[in-house]
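The values are calculated or read from the model by the stated rules, or taken from the named source; none is laboratory data. A quick note: this is a predicted structure, and the numbers were derived from the prediction, not measured. When we count neighbours, we look across all protein chains shown, and the Cβ atoms used for this are built from the backbone with ideal geometry, even at glycine.
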Amino acid sequence: MKRYCFSTAAVLALTICCFVAAKAQSAPPQTEEDKVYQQSEVDKKPEILNRPKPPNDGRCGRGPGTAFFRVILHKSGKVTSAEMIQSSSCEYFDARGREAAMSIKFNPGIKDGQPVSVTMIISFKFWTQ
């Protein structure tokens, strides 16, 4: 009887490949209307009108912190997604930063004379004393 030995890394890699392939097959095709553009792809970048400031209080000790979010500025004028890509190292400030990101007011980006959805990275700086 033959014995096969698979490394944990090989099993993990195979699992990831199967998951990615299944996800790619199940995703509906993106129409031009649903497309989210990079800032470099649009004729006019979104104009942020109101950028809320999250609270700065002493809930997370002393010193600075910055949280970075990837946001989707939808062509309708609403933020539809705010994904944290770097934490401020304080869950409280990260949550307040996400709330602030979701409440940004803006004029949408323009491509070929039409409003379009655009993704961008924004940051919120926190300072506690």
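Of all residues in segment 98-129, which are over 13 Å from Lys44 (Cβ atoms) and part of a strand (DSSP E or B)? Once the filter is applied, which keeps residues that are over 13 Å from Lys44 (Cβ atoms) and part of a strand (DSSP E or B), segment 98-129 yields Lys105, Ser117, Thr119, Met120, Ile121, Ile122, Ser123, Phe124, Lys125, Phe126, Trp127, Thr128. Of the residues making up segment 70-97, those that are closer than 16 Å to Pro46 by Cα and either touching a residue at least 60 places away in the same chain (Cβ under 8 Å) or part of a strand (DSSP E or B) (or both) are Arg70, Val71, Ile72, Leu73, Val79, Thr80, Ser81, Ala82.
I'd like to know if segment 110-119 contains one or more residues that are basic (Lys, Arg) and in contact with a strand residue (DSSP E or B) (Cβ under 6 Å, 6 or more places away or on another chain). Please lay out each step first, then the result.
To start, the set of residues in segment 110-119 that are basic (Lys, Arg) comprises 111.
When the remaining residues are screened for being in contact with a strand residue (DSSP E or B) (Cβ under 6 Å, 6 or more places away or on another chain), the result is none.
The answer is no, given that none of the residues of segment 110-119 is basic (Lys, Arg) and in contact with a strand residue (DSSP E or B) (Cβ under 6 Å, 6 or more places away or on another chain).
As for segment 6-22, it holds no residue that is outside any loop (DSSP other than H, G, I, E, B), at pLDDT 90 or above and not aromatic (Phe, Trp, Tyr).
The residues of segment 81-97 that are modelled with pLDDT of 95 or more and closer than 17 Å to Asn50 by Cβ amount to a single one, Ala82.
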